Structures are given as C-alpha cells and as structure tokens.
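Working notes, structure below.
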Amino acid sequence: DFGLPVPKAFRNTLGKYGARNYLVIPQDKRVYLFLAGGMSFEEVRDICVEMLDAEDEDFLLYVLLPRDSEIREKLGQLFFEENSIRVITLTKSLNIYMEGADVVMTKPLAFESYEAAVAGTPLVHIMTSRGGDRRMAEFFAAQDMSLKAVSVRDTIAQARRLAREQALAQRMKNKQSQF
C-alpha cells in the first residue's frame with residue numbers, strides 16, 4: 001500500500017466485457033485509452049497520428065482530455081472524420097474506460113498510474129523530460145507494472161505489443177494485482 005487514495009471504483013467491478021457494454025464499445029476491436037492531460041497539442045496529435053499510421057487492425061483510440069481543453073476542440077476538428085479516434089471529456093467513469101481498454105497510455109503521473117494499476121489495465125508510460133515523471137515510470141517498469149516508452153513511435157509500439165501479446169499483458173495485470 002503506497003498511501004494514495006485510489007477510489008474503490010477502480011477495483012474492477014464490471015470486467016472488460018461489462019465495461020464495453022456499459023460504454024457501448026464494440027467487443028471485437030482493440031481499445032486504447034490515452035490519458036492526454038498535461039500534454040501539448042502537438043504531443044497529443046503526434047500520438048494519434050502515429051497510432052493511425054501504425055495500427056493495422058480495427059481499433060479505437062479514446063483520447064481523454066479535460067472539459068475546458070483547447071486541445072479537445074482542435075483534435076475534434078482534426079480527426080472529425082476519423083472513426084478510430086474518439087476524443088472524450090474527463091469523466092467520472094474513468095474506471096470503466098480503464099476496464100474496457102486493452103491498454104492505457106499516460107504520462108507517468110501518480111494518480112493515473114496508480115489508478116491504472118488498481119484497475120488491472122496494461123499500462124504504457126509516455127516518457128517526458130521531467131525527473132519526477134521519469135522516476136515514476138522507472139518504478140512501475142521495475143515492478144513489471146508498466147512498459148515505458150522513450151518516444152511517440154515507441155509509445156505506440158509498446159501499446160500495440162501489450163494489446164497483441166496476451167501473456168505479457170496478463171503478467172502485467174498479475175503484478176498490478178499484487179499492488
């Protein structure tokens with residue numbers, strides 16, 4: 001126990017199938033949840049573009065941003081006709097989105113990282129230059145509770161790897177459950 005107050009809702013209650021039904025997310029697609037708070041428009045756009053370029057199967061990328069984010073509007077306009085990218089607003093249902101996702105991608109921020117671990121969702125940390133964030137990613141990776149990425153391309157490669165390699169994703173979930 002690390003003393004962070006992670007809401008009980010993050011302790012899987014619906015399971016992936018139930019969460020996807022609740023959120024009306026197709027069961028047959030790979031689902032990535034990208035927690036993009038605190039990132040610049042360029043960083044968020046680059047992750048979305050790289051995912052579109054790299055993913056060769058039917059997928060959904062949910063990009064979660066704060067309600068008043070200028071980035072939200074710009075992304076909505078940029079990807080308006082792209083069915084694979086869904087820009088959503090920060091929600092009280094974050095735990096359900098985490099349950100329904102195959103992989104969560106986020107900067108290595110404390111609350112988001114611990115919530116993903118408690119939810120038992122395979123996690124990729126998007127590396128930044130800030131020291132505290134780097135230490136958080138290193139801690140999680142050392143515990144086998146996340147993969148850390150060193151670039152935009154690596155973020156997408158690691159996320160796709162976790163979505164495809166079920167044994168790796170399950171080992172990560174098992175480590176997270178010991179948390």
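Summary table below
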| quantity | calculated |
| --- | --- |
| Subset of region 10-51 (residues that are in contact with an Asp or Glu (Cβ under 7 Å, 6 or more places away or on another chain) and not aromatic (F, W, Y)) | N12, L14, G15, K16, A19, K29, R30, V31, L35 |
| Single match in F41, F80 (criterion: touching a Lys or Arg at 6+ places or on another chain (Cβ under 7 Å) and either more than 17 Å from I156 (Cβ to Cβ) or free of Cβ contacts under 8 Å to residues at least 12 places away in the same chain (or both)) | F41 |
| Qualifying residue in region 92-101 (condition: surrounded by fewer than 15 Cβ atoms within 10 Å (Cβ to Cβ), of a type outside the set (D, E, K, R) and at pLDDT 85 or above) | no |
| In region 146-165, the residues that are without any contact (Cβ under 8 Å) to a residue 60 or more places away in the chain and either within 12 Å of the chain's Cα centre (by Cα) or open to solvent by 10 Å² or more (accessible area, probe 1.4 Å) (or both) | S146, L147, K148, V150, S151, D154, Q158, R161, R164, E165 |
| Any hit, region 110-126, residues being over 18 Å from L60 (Cα atoms) and free of Cβ contacts under 8 Å to residues at least 12 places away in the same chain | no |
| Test: residue in region 102-111 that is charged (D, E, K, R), open to solvent by 10 Å² or more (accessible area, probe 1.4 Å) and more than 15 Å from the chain's Cα centre (by Cα) | no |
| Residue among D46, D68, D58 that alone is surrounded by fewer than 22 Cβ atoms within 10 Å (Cβ to Cβ) and modelled with pLDDT of 90 or more | D46 |
| Test: residue in region 130-138 that is open to solvent by 10 Å² or more (accessible area, probe 1.4 Å) and within 24 Å of L52 (Cβ to Cβ) | no |
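The values are calculated or read from the model by the stated rules, or taken from the named source; none is laboratory data. This structure is a prediction, so every number in the text was calculated from the model and none was measured. All Cβ positions, even for glycine, are placed from backbone atoms using ideal geometry, and neighbour counts span all protein chains on display. Only protein heavy atoms, including side chains, enter the accessible area calculation; ligands, DNA and RNA are left aside. Shrake-Rupley method; radii C 1.70, N 1.55, O 1.52, S 1.80 Å.
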